[in-house]
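A short worksheet on the structure shown next.
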Amino acid sequence: MRLSRYFLPVLKENPAEAQIVSHRLMLRAGMIKQATAGIYSWLPLGFKVLRRLEDIVHEEQVRAGHIPMLMPTLQSADLWRESGRYDDYGEEMLRIKDRHGRDMLYGPTNEELITDIFRAHVGSYKDLPLTLYHIQWKFRDEVRPRFGVMRGREFFMKDGYNFDIDQDAAIHAYDRHMVSYLRTYERMGLKAIPMRADSGPIGGDNTHEFLVLAETGESEVFYDRAILDLTLGGRDVDYNDAAQCAAIKEEWTTPYARTDETHDSDLFNAIPAERRMSSRGIEVGQIFYFGTKYSEPMGATVANAEGEKVPVHMGSHGIGVSRLVGAIIEASHDDKGIIWPEAVTPYKVGIVNLKQGDAEADAACEALYKELTAKGLEPLYDDRAERAGAKFATMDLIGLPWRITVGPRGLKNGVVELTSRRSGESEELVPAEAVARLQGIYAGI
RNA sequence: CGGGCUAUAGCGCAGUUUGGUAGCGCGUUCGUCUGGGGGACGAGAGGUCGCAGGUUCGAAUCCUGCUAGCCCGACCA
């Protein structure tokens, strides 16, 4: 993309409405624009990141054997009356009437809808296990939306639902989600810690929240430092192997890690003092096993091997995709702007032409642009007639992890500069080497 | 929902106390110079002063009502 042809309304000054760093940076980098309290338009750059995260979530869900679908945003109140949650959910549910006066709602979650789909079409244990998920906009009418997309009213979320014949099978599904979520966050360049959680209004006993450590997090968290050293790395996971999934869950849930809701100071103080950590965290996902809480009242049953109808065991699992955009920025920025991890960056590399209009600089940039594009290293080429400082400032703000700087000075020696946004370190390379270097960097991502 | 605050050009703000028909910085447009970290000079464009009503010869400014947004708290993927 050529910046002169793009839509990137960056702001030089901090908007008054934004208090926390990710909100400020998303506004300044031209990623979002507030439509009304807690509701945002996603401008091209922000949309690109959002889509990128969505893609990663999809890939990891499919890898775990889960099946994508799409349910609507608007739902009929009838199903929610069946589950009993129409009254329980309270003011956070946005309730609407259609022209016939029928009660509708903008879905804050989809347990009822998915259960309705399940009971209509699945009748036998032979159809299990089944895990369906979708990534869709949700709405919760927060009393006080804030922090930009981190706590908006409208948000984009992956929610998945597993259906299993018994508790053991459902726990396997729970563990599978645990592992797939760990992989998902790791791919995004995030350290997200599973913490024992409170089940809240959704209900159920077995639940973990995934938290990204950040000063601006809404929850206070306590954990054993040992958990920070855990990594899935390139581990080959067989999601059908219940024992392997359980072992990984065990590995990640053995070190103490809890939010203030479930914190137990006796257990915490049993950890060696030097490993006792407390900080703040942003919740970016949660997994639940809730048994037959919905299947029983809503009659979602299957015939077991003996021919008896039994309610299915279910769980639900969510990843806050739009919130993750903010969380990643909270965890990865400096005073100049955002620093995108390679896996989620909107463009893989920025090209800065230091002297737009200079025949050699222009030609070198054009050649690089074509070459990078051909190699799938999607570049953002700043071809505006701006001065160097302005171009650097824009690149730093929007946070592309790599920058190639092209100017007459370097071109005299046939070189361009490849700079890491994170470390600030630069290297002078001939253009072909710079491209090769980037290919290497992005090869495994 | 309790408490506090704000609303003036695309963004950040001054002007409101003491009423006289709106200003600064950034951005933006044009031109010239410049060209390795938000450059300089010159010339422009851009505002129903959140909305409605009232007081007044006259309202951004005073009064009443409303709306929207922000902050703290409670709450929360």
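Here is how the numbers come out for the structure above:
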item	result
Answer from A:SER22, A:SER41 - the residue that is within 29 Å of A:ILE351 (Cβ to Cβ), more than 10 Å from RNA strand B (Cβ to nearest atom), modelled with pLDDT under 95 and in contact with a helix residue (DSSP H, G or I) (Cβ under 8 Å, 6 or more places away or on another chain)	A:SER22
Matching entry among A:HIS313, A:HIS317 (being crowded, with 17+ Cβ neighbours inside 10 Å and within 11 Å of RNA strand B (Cβ to nearest atom))	A:HIS317
Test for A:GLY440: is it without any contact (Cβ under 8 Å) to a residue 60 or more places away in the chain, more than 11 Å from RNA strand B (Cβ to nearest atom) and not in a loop (DSSP other than H, G, I, E, B)	yes
Some residue of the stretch A:225-233 being open to solvent by 70 Å² or more (accessible area, probe 1.4 Å) and not in a loop (DSSP other than H, G, I, E, B)	yes
Where A:ALA434 falls short, out of the listed (1) touching a residue at least 24 places away in the same chain (Cβ under 8 Å); (2) within 11 Å of RNA strand B (Cβ to nearest atom)	(2)
Qualifying residue in the stretch A:285-295 (condition: free of Cβ contacts under 8 Å to residues at least 12 places away in the same chain and not in a strand (DSSP E or B))	no
Unmet criterion (only one of (1) in contact (Cβ under 8 Å) with a residue 12 or more places away in the chain; (2) more than 10 Å from RNA strand B (Cβ to nearest atom); (3) charged (D, E, K, R); (4) surrounded by fewer than 17 Cβ atoms within 10 Å (Cβ to Cβ)) for A:LYS336	(2)
Odd one out for A:SER4 among (1) touching an Asp or Glu at 6+ places or on another chain (Cβ under 6 Å); (2) open to solvent by less than 20 Å² (accessible area, probe 1.4 Å)	(2)
Selection count where residues are surrounded by 22 or more Cβ atoms within 10 Å (Cβ to Cβ) and of a type in the set (S, T, N, Q), scope the stretch A:155-175	1
So A:LEU79, is it of a type in the set (A, V, I, L, M) and within 16 Å of RNA strand B (Cβ to nearest atom)	no
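One line per residue, one yes/no per condition, for (1) under 27 Å from the mean Cα position of the chain (by Cα); (2) buried (at least 18 other Cβ atoms within 10 Å of the Cβ); (3) at pLDDT 95 or above:
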{"site": "A:GLU60", "(1), (2), (3)": "yes, yes, yes"}
{"site": "A:ARG63", "(1), (2), (3)": "yes, no, yes"}
{"site": "A:LEU132", "(1), (2), (3)": "yes, yes, yes"}
{"site": "A:ASP141", "(1), (2), (3)": "yes, no, no"}
{"site": "A:ARG153", "(1), (2), (3)": "yes, yes, no"}
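The values are calculated or read from the model by the stated rules, or taken from the named source; none is laboratory data. Nothing here was measured: the structure is a model prediction, and the numbers come from that model. We place every Cβ from the backbone using ideal geometry, glycine too, and count neighbours over all the protein chains shown. Side chains are part of the model used for accessible areas, which takes the heavy atoms of the whole protein and leaves out ligands, DNA and RNA. Shrake-Rupley method; radii C 1.70, N 1.55, O 1.52, S 1.80 Å.
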